[in-house]
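Have a look at the structure below before the remarks.
The values are calculated or read from the model by the stated rules, or taken from the named source; none is laboratory data. This one's a predicted model, so the numbers in the text were calculated from it and none came from an experiment. Virtual Cβ from ideal backbone geometry, glycine too; neighbours counted across all protein chains shown. In case anyone asks, the SASA skips ligands and DNA or RNA and just uses the protein heavy atoms, side chains included. Shrake-Rupley method; radii C 1.70, N 1.55, O 1.52, S 1.80 Å.
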Amino acid sequence: MSQNNGYNNQNPGYAQQNQPYNPALNTHNSNPQNTLSYSQQYAPPTQGTQQYYNPAQSQQVYDPNQYQQQPSYGAPPPTQEQLKQTSYASPTTQNYAYQPNQQYVQPPPQQPTLVAPPTQQQLLSGAGQPVYGQPQQYDYNQNNQPYNQQRLISNPPAVNAPPTDPSQLYKQQPQQQFQGPMVQGAPQQQPGLVSPQGYQDPNAYGRRAGRIDPSQMPSPAKRTYPKMYQKVEYTTDSQDGPPSSTVRISVADRGSAHPAILRASLKAIPQTKELLNDSGLFMGAILNPLAELEPTDLPNSVPIVDTANNELVRCNRCRSYVNPFTRFDNMGRDFSCNFCGFNNQVPRWYLSNLDGYGKRRDLEMHPELSYGTVDYVATNDLVTKPPTPLTYVFVLDVSSNSLRQEIFQTVCNTLRNIIDELVANESDLSQCKVTFVTFARSIHFYNLHETHPQMMVVGDLSQEGSGFVPFPQDSLVTFDQVASSGFIEKLITLGSQCQESDQVMGSALVAAQSLLSEHGGRIVIFSSQLPALGQGRIKPREDFKQLGSDKEKSLYAPQLGFWKSFGDQCASSKVSVDMYLFGSGFMETSTLTQITQLTNGHTYLYHHFDPKRDSERLHGDLRRHLSRPTAYDCMIKMRCSSGISIRRYFGHYVSPNEDEMDLAGIDSDTAFGIEFKHDSKLDENQSDHFIQAVMLYTTRTGHRRLRVMTSKLNLATTMSSLFKKADMDATLALTSRLLSAQVVKNRESLENVQQMINNYSIGVLTAYRKYCSQASAPGQLVLPEALKLLPVYYLGLQKSPCFRTATDVMLDERINNFNLLMEMPIRSVLMYCYPYLFSLHNMPPSEIVDGYDRDGNVIQYALPPQLSLTASKIESDGLYLLCDGLNMYWFVGRQCDAGVLSAVFGVESVDQVDGNALVQPNVDTELGARVKAIVDELNRMSARRGMVRVIKERDQMETLFYARLIEDRVGHNGTNYVEHLIWMHKEIQGKLDVGN
């Protein structure tokens, strides 16, 4: 059987109406001549009789030399004796029976009692931790596993329920012939046992199930271990697209930009607008200008080009910059622009002779002609004011509410530890300047130049536009001076003396912006409540009856006024704002985050902050905040080859015109989406096309730079070549931004957005089936190889906290997730749509060498095999870890082994596990050290720490965990992955029938 990237591509399917079930699901390359597929039939049992499986009647014998498909994780093929002894009992699945000439009817099933979903007031009234949902009553089997995997089911699909008579669960289906082409090398399979939900023993190669087998569906978790974690080498001049962002890769820059920096959704540009429209695909790219490169990349940092203040070489017509694809002619005196074809004269200072191959002889001296991403030292014409190191202003809430919850004290201690660490490691943060402002009913400024810091209190800043600052801007100090002076300890003492209950958050921001108005900078504010006084005071909306209804979208709309106008003011003065919100109630995130969106900042939510539980998360977020690559005073412009132009941008920015993005600040955790459009038909004789992004910015250390990022794309003249060059990662990241914008900006309801997701995926697969796989059997669901994971990722996006139509998602969390989807890098989007799930109690030994420590000891890569996101993988004696890039959930089974609990939690029984405590594995044990390494690797892969929750089986909070198992039924998305594929196939067949 054909295999690709370690995936198991044996794909059964389902049947159509008014004919025997003829399931077939095939994943293959875009060339229909190379299609490898086969069908599996599903026929109803003979009515009035019961046929049971008899191993003695089996005629097909498994031949390992004939059939090469292997079970997961290297298990050996089963013997004939093992096939005879296979048991098919499964208490957690369903059997879907088919009756000809009858409609699908669901008899009244014996469902567990469902508790009414909580109101928003109940969600916000949590004591110590938020309550996201009410527990559901379950029936448990003898292994203490719930029979029903579904949580909060609202609209289950109309399919037949499992028969109540156990003897009906194991009927043998009549022998039938396969229809359609067979997979090369696969045996003629026997009819198999139909158990609940089509369960098929993974070792029973001589049998087949009567319906789609979930274990055979394309999934990110189906990659072979440990191959899934081996590093892959990729060169950017490859004709193939880059590997998935979930794969560990070493990239060699051979002229096109690193895919982490600039990644197109189509490696080949369609020749015409009609070809693009017929495919249903998006044509665009994801841009992450400050993306961090891996140490194994070549080069592993962006080269810097200093032209000694000579004018940068660029095209006189389209203004694109020279790049590795620029062609030099006339003995090096001219160059032809690869974007518009215009012939330009080379400046005298840039002249060089050409060799016999037409290459410049000084090529090695010019990184801009060898690498897809370079930094130019900005020339005088690009510097409007003298650049300075980035200035930070930390604005801290010292109201009684903040002191009572120990927010102020925890933030100060965390900042002190991080600053001391970064300064000691000689980070570039040491050169940046900093000051501190505290606020409650009044605002407190500090002069740090004095031996004993002076504090000045400003009491009345309620008047609009007032921003009085008692100290001059040259009173700011460096992080080095803060670390050596011990100021933060004194700040804790001074701030803890405040006894004021209300606070003036808006006025404090105005004062901080006044400190940075001359050169720009970054404001980091910490607030425990909404502002009740001063500028920007907010009266929170509490009409939570709208949640779950079509009117819910009105709560996503911000309250206009101060926060919008002040955001515009910060953006124009190049001041970026980051918010850390520690509310215990609704924080009006849609209103407050107008500032962070306009200035390209970030928002961090800590609902019901608990220092014991959340201090480590706060430390991780703040350390990442202060250590990641950061810049300010930025402008981004995108250019394309002739015939292609920019349609729109997706992200957080201010746009002075249609083709530019103006940014107050940017960092490595911020990416943007760009959608392209056709201006004209592309010349079929021009096989290569190009995109180039340019960012003018100031580094954190105060250097003005111009970053040029160029990528080469091919030309697609046929539908099959277009689908072959599609990039699933960039497509998912691009469409997720489009969908978030539909809710946030266009006020679309969640139901409408979910329908948009379905329409897009069905449109893409219908186009592929119509134009690229006409020879496939009608009963087959055919997936393009490059996009075979698109259905499961889109299903995960539908069931994510962003778009899940359920009241178990807090309003602040949903709004913040919309904002995060607009800025996430590609890898974070993939983790969000299909979270990582690991079983920690039975991990195989790591087989990947990831380097060596200082003593020469081997460092093994930590991550274990990834599990499919379904409750059937969860056992009562297990310990599981789920991470979606934003949140991390520990799930502890009721029968978890005491040794595992001791190594990870330091306790001996499940009842002793504290759900609010920090998880600190015992690194002196082998298991504890491995778990600690797994957590560290997941944190490194994630853009932020997010919520960390320890959930015990059957506890009230377990709905949080099960809601992220997207291959099961979740909330109002009442289909699992298999049922979703069946529904998609019916929709595709319906569209094809209408078209015919």
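Measuring nothing but how far apart in sequence close Cα pairs (under 8 Å, 6+ apart) lie, relative to its length, the stretch 913-996 scores a relative contact order of 16 percent.
Here the ratio of the Cα radius of gyration of the stretch 238-313 to 2.2 N^0.38 Å is 1.41. Whole-Hz Karplus values for the stretch 504-518 come out as 10, 4, x, 5, 5, 5, 4, 5, 5, 5, 5, 5, 10, 5, 7 Hz, taken residue by residue from phi with 6.51 cos²θ - 1.76 cosθ + 1.60 and θ = phi - 60°; glycine and proline positions read x.
Once the Kirkwood radius over Cα pairs is known for the stretch 671-723, the Stokes-Einstein relation at 4 °C and 1.567 mPa s delivers a diffusion coefficient of 91 µm²/s.
The charge dipole of the stretch 923-995, taken about its Cα centre with unit charges on the Cβ of Lys, Arg, Asp and Glu (plus for the first two, minus for the last two), comes to roughly 300 debye. For the stretch 789-882, the alpha-carbon coordinates run over 50, 35, 26 Å along the three principal axes, in decreasing order. Accessible-area rank, largest first, for Cys896, Cys318: Cys318, Cys896, with all protein chains present and a 1.4 angstrom probe. The alpha-carbon positions of the stretch 851-996 define a convex hull whose volume is 159 Å³ per residue. Calculate the tail of P(r) for the stretch 686-790: the fraction of all Cα-Cα distances greater than 16 Å, expressed in %. So the portion of pairs separated by more than 16 Å is 72 percent. Overall, the stretch 633-781 carries a charge dipole of about 160 debye about its Cα centre when +1 sits on the Cβ of Lys and Arg and -1 on the Cβ of Asp and Glu, all other atoms neutral.
Using heavy atoms of the protein chains and a probe of 1.4 Å, the accessible area assigned to Met947 is about 10 Å². Largest to smallest in accessible area, the residues Glu489, Glu684, Glu294 fall in the order Glu684, Glu489, Glu294 (1.4 Å probe, all protein chains included). All C-alpha pair distances within the stretch 845-934, sorted into 5 Å bins from zero, spread as 3, 12, 20, 23, 20, 13, 6, 3, 0 percent across the bins.
Solvent-accessible area of Phe325, all protein chains in place: 50 Å² (probe radius 1.4 Å, heavy atoms, ligands and nucleic acids excluded).
Using only alpha carbons, the stretch 719-781 has a radius of gyration to Kirkwood radius ratio (Rg to Rh) of 1.08. Surface calculation, 1.4 Å probe, protein heavy atoms: Glu675 sits at approximately 10 Å² accessible. Protein-only accessible surface at a 1.4 angstrom probe places the residues Trp983, Trp563 in the order Trp983, Trp563, largest first. Report the far tail of the P(r) of the stretch 882-935, meaning the percent of Cα-Cα pairs longer than 15 Å. Counting every Cα pair in the stretch 882-935, those more than 15 Å apart make up 47 percent. Expressed as a fraction of 2.2 N^0.38 Å, the value expected for a compact globular protein of N residues, the C-alpha radius of gyration of the stretch 626-771 is 1.22. Listed by chain and number, the lysines placed with their C-alpha closer than 16 angstrom to that of Lys712 are Lys267, Lys725; residues fewer than eight positions away on the same chain are left out.
From the Kirkwood radius over Cα pairs of the stretch 549-636, Stokes-Einstein at 10 °C and 1.306 mPa s returns a whole-number translational diffusion coefficient of 107 µm²/s. A convex hull fitted to the Cα coordinates of the stretch 504-658 yields 164 cubic angstrom per residue. Relative to the globular-protein estimate of 2.2 N^0.38 Å, the Cα radius of gyration of the stretch 772-928 stands at 1.31. Structure note, pairs Lys385/Lys564; Lys612/Lys745; Lys724/Lys986; Lys273/Lys564; Lys553/Lys637: Cα-Cα distances above 29 angstrom occur for Lys612/Lys745; Lys273/Lys564; Lys553/Lys637.
Close amide H pairs (under 5 Å, H built 1.01 Å from N) link Arg648 with Glu675, residues at least 5 positions away or on another chain.
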